[in-house]
Every structure is written in structure tokens, then in C-alpha cells.
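Engineer: Before I ask anything, here is the structure I am working with.
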Amino acid sequence: MEGVLLDPAELARIAADAASDKKASDVLLLDVREITTIADYFVVCSGNNTRQIQAIDDALVEELRTQGARLIHREGVADTGWLLLAFGDL
């Protein structure tokens, strides 16, 4: 399925599943279409340590890339305890 871009709702579900697969906690998939124009969905989650945060990051980037999504922007690093990954509508 590489290169086939799915709709934003499906990409958000895939991202939430990828985070869960790496044992992320408090995984939330938020539909923000009615309250902001910067994205359609937010996926928010927590990691317990730097290593886990990096594993979640790697899994999200890899899985969404295989679905045809492109990482547009990244802020933060795992060492700081937070990351923001922007994939267009997600």
C-alpha cells in the first residue's frame, strides 16, 4: 500500500494505533475540524522516557510514510520530553 494516501481520519487512526503499538499511554485521537483550520485531527499521547518517546516518533514517521503521508514539520526532540510532528491534516 506504499504511496497511497489515505483520508485524514484513517491516517489519524493509523497514527493512534502506531503509538499504541509502542506502548504510548493516554493516546487520544481528537477531531478538531470544527475548532481550527491548522489540522483536521490531533493525535496526542505520552511516553514514559526518552527511549520510548523516540520509539513512538520513529514508528509514527515510518508508518505514516508507508501510507503516503509526508512529515511536514517537527518540533522538539525526545530528550526534551516532547515532540510535535505535523503531517498536513494530521
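Engineer: What does the highest-first list of 53-59, 64-70 look like by mean Cβ count within 10 Å? Write down the numbers at each step before the final one.
Structural biologist: Values: 53-59: 18.9, 64-70: 16.3.
Descending mean neighbour count gives 53-59, 64-70.
Engineer: Hey, what's the chain come to in accessible area per residue, 1.4 Å probe, Å²?
Structural biologist: 64
Engineer: Add -39500 (n - 2.57) for each DSSP H run of 4 or more in the chain, then divide by its residues: what number comes out at 222 nm, to the nearest 500 deg cm²/dmol?
Structural biologist: Details: 2 runs with 31 residues, N = 90.
It lands at -11500 deg cm²/dmol.
Engineer: Note down the nm distance, to one decimal, between modelled labels 7 Å out along Cα→Cβ at TRP82 and at ARG51.
Structural biologist: About 2.5 nm separates the two model spin labels.
Engineer: Would you kindly derive the ³J(HN,Hα) couplings of segment 52-57 from the backbone phi angles with the Karplus curve 6.51 cos²θ - 1.76 cosθ + 1.60 (θ = phi - 60°), listing them in order in whole Hz, with x for Gly and Pro?
Structural biologist: 5, 4, 5, 5, 5, 4
Engineer: For segment 27-38, take each phi angle, set θ = phi - 60°, evaluate the Karplus expression 6.51 cos²θ - 1.76 cosθ + 1.60, and give the result in whole Hz per residue in order, putting x for glycine and proline.
Structural biologist: Couplings: 6, 10, 10, 10, 8, 10, 4, 7, 10, 7, 9, 7 Hz.
Engineer: So what is the relative contact order of the chain, in percent, for Cα pairs below 8 Å that sit 6 or more residues apart?
Structural biologist: Relative contact order comes out at 33 percent.
Engineer: In whole Hz and in residue order, list the ³J(HN,Hα) couplings for segment 65-73 that follow from phi through the Karplus curve 6.51 cos²θ - 1.76 cosθ + 1.60, θ = phi - 60°; x for Gly and Pro.
Structural biologist: Whole-Hz 3J(HN,Hα) from phi for segment 65-73: 4, 5, 8, x, 7, 10, 5, 8, 8.
Engineer: When Cα extents along the principal axes in Å is calculated directly from the model, which label among (1) 72, 16, 16; (2) 45, 33, 20; (3) 32, 31, 21 fits?
Structural biologist: Among (1) 72, 16, 16; (2) 45, 33, 20; (3) 32, 31, 21, the one calculated here is (3).
Engineer: At 1.4 Å probe size, with no ligands or nucleic acids counted, give the accessible surface of THR50 in Å², nearest ten.
Structural biologist: 60
Engineer: Please report, as a whole percent, how much of the solvent-accessible surface of segment 47-90 comes from carbon and sulfur atoms (probe radius 1.4 Å).
Structural biologist: On the way: 1270 of 2640 Å².
Result for segment 47-90: 48 percent of the exposed heavy-atom area is carbon or sulfur.
The values are calculated or read from the model by the stated rules, or taken from the named source; none is laboratory data. The structure presented is a predicted model; accordingly, all values stated were derived computationally and were not measured. Every residue, glycine among them, receives a Cβ derived from its backbone with ideal geometry; neighbour counts consider all protein chains shown. Calculation scope for accessible area: heavy atoms of the full protein, side chains included, ligands and nucleic acids excluded. Shrake-Rupley method; radii C 1.70, N 1.55, O 1.52, S 1.80 Å.
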